[in-house]
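See below for the structure under consideration.
The values are calculated or read from the model by the stated rules, or taken from the named source; none is laboratory data. Keep in mind that this is a model prediction, so the values were computed, not measured. Here the Cβ positions follow ideal geometry from the backbone for every residue, glycine too, while neighbour counts run over all protein chains shown.
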Amino acid sequence: MRFVAGFCSSTLCITASGCSDPAGRELPPVSWEGEHLRLATNVETPLCGGTAPYMDHLLGALGEQLGAAPPGRPIYYLLEGDVDEYDTPCGAGDYSCGHGTAAYSPIAPFDHEIVHVARSAIGFSYPLIEEGAAEYWGDDADIRGRLQGDVLELAAQGNAFEFPFYPKAGHFVAYLLDVYGEESFLELSRRTNYQSSLAAFDDALVAVYGEDLEALAEDYEANYPKCSQRQYRAAFGECTFTPARSLCESDEPLVVRRRFSCGDEDVLGPRFGRQWTTIPIDLPSAGLVFLFQADLVEGVELTIRRCGGGCPPSAVGPLEPSETTRIAPLDEGRYVIEIEWPEGQEIEVDLEIYSSCA
């Protein structure tokens, strides 16, 4: 899971893990085109109807947030097998990689690499920050482990720190965003690049936050709540993919009663044998009571997340089939409900959401 700052050539190789040897497999041609992103794949399993539009939307929304977009329409290569089997700039052994014009991955969607593609428009940041941003604004694909590593040690490793430490980098980014805000983080992102020295990174932190890395790390470790990447991430794509539904438009509950299948335009995946749909909601005041009743297949999971990221999150799951669940109260704000189920299945959902509106 690397981003690539440049391409491999006979004279230049700037990657997070080195250049791969030329591979025998050719990249597939583009098969789908959106407003911001193109898709090329040789994977035989069809994508669910919302997957490509979701990735296209995510790249566009990130570009709007950053105030810049990569030139042209980057290509998302969804590849059968390992990415280093192909002629790509990914390093040997990389699970995936991304740069300003393309992302390469064996799964879709993989928001982590799309975040790198989007951030190429402002220049890539110091590795701790760049990979942390991709974790914070990225997806929660089930390949991440627990928080581990020391921020000072990870920062000192430059671009050499490994993927098991990415969740920690993302958690530190969540701290910077929660405590100091998004504008300051964007300024920090612009002040460094992937090849910056540790000293230059430390100078950038002082310029933006008025504190050096040692002081920030000390406050972060002592005071910021601990939670996993699945919990602290911003859920940015899910929270913006479809319009949020207000819970205070009437005295009646918000009802979602329908059958979901992979071909639907709001269903994503399949990824690691799972597919899912998301329902963003606006909660104008605290006191959500959530009722879920459905005759479901085995393996269905329900999760509620607060949009915007940070710890502690608001989340529940998984649910058993035909179970009724009540959750109350939650703070006012925007949330996203995610319903996930096994690949190849259809589910009937009977979902009612209540809120005590002022």
Open item on the list: Scan the stretch 328-343 and tell me whether some residue there is modelled with pLDDT of 85 or more, in contact with a helix residue (DSSP H, G or I) (Cβ under 8 Å, 6 or more places away or on another chain) and in a loop (DSSP other than H, G, I, E, B).
Closed with: no
Open item on the list: Let me confirm something: among G317, G308, which residue is closer than 21 Å to D139 by Cα, modelled with pLDDT of 90 or more, among the small types (G, A, S) and in a loop (DSSP other than H, G, I, E, B)?
Closed with: G308
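Please determine, by comparing only the residues of the stretch 51-94 that are acidic (D, E) and in contact (Cβ under 8 Å) with a residue 12 or more places away in the chain, which one is nearest to V115 (Cα to Cα).
Taking the candidates together, the pick is D56.
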TODO: Give the residues of the stretch 108-155 that are among the hydrophobic types (A, V, I, L, M, F, W, C) and in contact with a strand residue (DSSP E or B) (Cβ under 9 Å, 6 or more places away or on another chain), sorted by residue number.
DONE: A108, F110, I114, V115, V117, F124, A134, A141
Open item on the list: What are the pairs with Cβ atoms under 8 angstrom where one residue, in the stretch 175-191, is under 17 Å from Y224 (Cα atoms) and the other, located anywhere, is surrounded by fewer than 19 Cβ atoms within 10 Å (Cβ to Cβ) and among the small types (G, A, S)? Sequence gap at least six, or different chains.
Closed with: L176/S184
- [ ] Within the stretch 66-106, count every residue that is part of a strand (DSSP E or B) and farther than 24 Å from R271 by Cα.
- [x] 0
Task: Condition broken by L47, with the remaining ones in (1) buried (at least 19 other Cβ atoms within 10 Å of the Cβ); (2) within 16 Å of H116 (Cβ to Cβ) satisfied - done: (2)
TODO: Give the stretch 115-129 a look and list any residue that's assigned to a helix (DSSP H, G or I) and over 17 Å from R144 (Cα atoms), or say none.
DONE: H116, V117, A118, R119, S120, A121, I122, P127, I129
- [ ] Tally the residues that are surrounded by fewer than 16 Cβ atoms within 10 Å (Cβ to Cβ), outside any loop (DSSP other than H, G, I, E, B) and within 24 Å of the chain's Cα centre (by Cα), restricting the search to the stretch 195-245.
- [x] 2
Task: Residue match in the stretch 43-66 (condition: farther than 18 Å from F185 by Cβ, under 18 Å from the mean Cα position of the chain (by Cα), at pLDDT 95 or above and of a type in the set (V, I, T)) - done: yes
TODO: Exactly one condition in (1) at pLDDT below 75; (2) out of contact with any Cys (no Cβ under 6 Å at 6 or more places or on another chain) is not met by C357; state its number.
DONE: (2)
Open item on the list: Can you find, within the stretch 147-194, the residue that is surrounded by the fewest Cβ atoms within 10 Å (Cβ to Cβ) among those that are of a type in the set (V, I, T) and assigned to a helix (DSSP H, G or I)?
Closed with: V179
Task: Breaking point among (1) in a helix (DSSP H, G or I); (2) out of contact with any helix residue (DSSP H, G or I) (no Cβ under 9 Å at 6 or more places or on another chain); (3) of a type in the set (S, T, Y), for T277 - done: (1)
